[in-house]
Amino acid sequence: MKNFLDRFVPEGFKPFEGSGAYKNKKRKLIKEKATSQGFKTLKSVADMFDKLGISDGMTLSFHHHLRNGDFVLNMVAEEIKRRNLKNIKLAPSSIFPNNKILVELIEKGNVTDIYTDYVNGPVAEAISRGKLKGMCVMHTHGGRPMAIESGDLHIDVAILAVPAVDKCGNGSGVEGSGACGSLGYAESDLKYADKVVFVTDTLIDKAENAQLDGKYVDYVLKVDAIGDPNGIVSGTTKITKDPVGLKIARNTVKLLEEIGLIKDGLSMQTGAGGTSLAVAHYVRSRMIEKGIKGSFASGGITGYFTDMLDEGLLNELYDVQCFDLKAVQSISRNKNHHAISGSRYANAFDDNIVDKLDFVILGATEIDLNFNVNVTTDSHGMLMGGSGGHSDTAHGAKVTVITTNLVKSRLPIIKEKVTTVTTPGEDVDVVVTERGIAINPRRTDLLEKVKNSRLPIVTIEELLETAHSITGLPDKLVLSDKPVGVVVYRDGTVIDTIYKVK
């Protein structure tokens, strides 16, 4: 990974060892137990703390498949608060607005460090304001399992919400009242944490669609409800009706055709936002018109892609998390809709799916003249997201396309320099806006393919000038010099620092 920016790692922060050490350091699965050993049951969250000896300074991990409907992280946070434990490190794969109880624990020093791929809502604001005594380490969805499997991120206890657990301890995401579909982000925690607890509201005799192997489970805790599955819905999950968004989507698909990616056997990933789904819609239309059948779509799966699977337009779906309830239903019935682990999805050192993508459609909060993309902080420097699979897919796909309005909320999306680098410009190929399409000069092959097209091809500098002609020059953002977090690339390299908002 190139040192492409003059950013620095905070003093006293020990970076992960990164890609050079990974292959030699990958841990053995010392946790694997004979199936006959089975698991023990727990009476309550308090009993879990007692039996597992959860105490000051431990690292506890969680997954986020119930997203803003999850109850389990909050249950554990309440017990940390009740016991007034200190210096706890939390490693949830993502944090959402419903986890606001963590703000109080951060302020009181109960929680001092957070390792996550995405953070939004009150917790993000608390971190941005410098309330976390330690650091917020922002992984990617592929970098997180890499860190866990290598031992860089050591987990004392993994506390995993599981919609249904059978008599052998096997866990299913598609059975039970809290069914949320794929449980991909829990699999590395399951296999590599020192101790594993399944928290469920549904006990069954035999899981027909088990994704999590019971041989790694130490304890099972039955609760009234693990969460509200309606909270898993991500983004709009509906195609935009905005004329600007539709124009961007149409031009994106025209570009994909010009460069030869609307072809038989195509593989793709898009997000769940309105413009991204519009791109998928127009790709689908062209596939039907041309009699094309795609190989697969991957990532967080929506009902739009399950419809394409059912229509025979795609051979397979590789699903690391379900973005709506239609996808949950599909994964339980369609044998070609595969639940995969976070490692299989995007771990740079695994046989991953993202490296097989023809194209990926991604969004942006900011893009700069070097094609660096920010989806971690907003234009005021406030934490509001994180990479998730952004930089994983951007690196892996043959062509990475960023789709965005040129101006949002009267602010230019193109900047001279982004506030925070989430995805480095060397992984970004094209930016499509309603005012033009900029292709990264490094991709001379793409520039050659579109040189005779009617597409509105411009330079990234021209997009910046156009944006400034609409908004005027924005005020320069001034942040403090206190680091509150770091951005970690998919191979473990620290690529940027997040600073406290003044």
Checking residue 15 against (1) in contact with a strand residue (DSSP E or B) (Cβ under 8 Å, 6 or more places away or on another chain); (2) open to solvent by 40 Å² or more (accessible area, probe 1.4 Å); (3) modelled with pLDDT of 55 or more, which test does it fail? (3)
Condition (residue is in contact (Cβ under 8 Å) with a residue 60 or more places away in the chain, assigned to a strand (DSSP E or B) and β-branched (Val, Ile, Thr)) applied to segment 472-485: is it met by at least one residue? yes
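For (1) within 17 Å of residue 72 (Cα to Cα); (2) touching a residue at least 60 places away in the same chain (Cβ under 8 Å); (3) in contact with a Phe, Trp or Tyr (Cβ under 9 Å, 6 or more places away or on another chain), each residue gets a yes or a no:
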site	(1), (2), (3)
106	no, no, no
129	no, yes, no
154	no, yes, yes
186	yes, yes, yes
200	yes, no, no
Go through segment 173-201 and count every residue that is in a loop (DSSP other than H, G, I, E, B) and open to solvent by less than 10 Å² (accessible area, probe 1.4 Å). 7
Residue list for segment 357-395, restricted to those being part of a helix (DSSP H, G or I) and open to solvent by less than 10 Å² (accessible area, probe 1.4 Å): 391, 392, 393, 394
Hey, among 125, 175, which residue is touching a strand residue (DSSP E or B) at 6+ places or on another chain (Cβ under 6 Å) and of a type in the set (D, E, K, R)? 175
Could you check segment 402-452 and list, in sequence order, the residues that are in a loop (DSSP other than H, G, I, E, B), open to solvent by less than 30 Å² (accessible area, probe 1.4 Å) and within 28 Å of residue 136 (Cβ to Cβ)? 404, 413, 418, 419, 420, 421, 422, 424, 428
Members of segment 48-68 that are β-branched (Val, Ile, Thr) and surrounded by 20 or more Cβ atoms within 10 Å (Cβ to Cβ): 54
The number of residues in segment 453-489 that are open to solvent by 80 Å² or more (accessible area, probe 1.4 Å) and among the aliphatic types (A, V, I, L, M) is 3
Cross-chain or 6+ apart pairs with Cβ under 7 Å, segment 65-88 first and at positive phi, then at pLDDT 95 or above: 67/96; 84/110; 87/56; 87/57; 87/112
Can you work out which of the residues in segment 228-266 that are modelled with pLDDT under 95 and of a type in the set (Asp, Glu) is farthest from residue 448 (Cα to Cα)? 228
Scanning segment 475-502 residue by residue, those in contact with a strand residue (DSSP E or B) (Cβ under 8 Å, 6 or more places away or on another chain) and hydrophobic (A, V, I, L, M, F, W, C) turn out to be 479, 484, 486, 487, 488, 494, 495, 498
Of the conditions (1) farther than 26 Å from residue 478 by Cβ; (2) surrounded by 21 or more Cβ atoms within 10 Å (Cβ to Cβ), the single one that residue 398 does not satisfy is (2)
For the structure I just gave you, tell me whether residue 45 is on the phi < 0 side of the Ramachandran plot and open to solvent by 10 Å² or more (accessible area, probe 1.4 Å). yes
Taking segment 202-217 and keeping only residues that are at pLDDT 95 or above, open to solvent by 20 Å² or more (accessible area, probe 1.4 Å) and of a type outside the set (Lys, Arg), one is left with 202, 203, 204, 205, 210, 211, 213
Being of a type outside the set (Gly, Ala, Ser), open to solvent by less than 10 Å² (accessible area, probe 1.4 Å) and under 29 Å from residue 341 (Cα atoms) is the filter here; which residues of segment 83-111 pass it? 88, 90, 92, 95, 99, 102, 111
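The values are calculated or read from the model by the stated rules, or taken from the named source; none is laboratory data. Being a predicted model, the structure only gives us computed values, none of them experimental. For neighbour counting, all protein chains shown are included, and Cβ atoms are generated from backbone atoms with ideal geometry for every residue, glycine included. Protein only, heavy atoms only, side chains kept; ligands, DNA and RNA dropped before computing areas. Shrake-Rupley method; radii C 1.70, N 1.55, O 1.52, S 1.80 Å.
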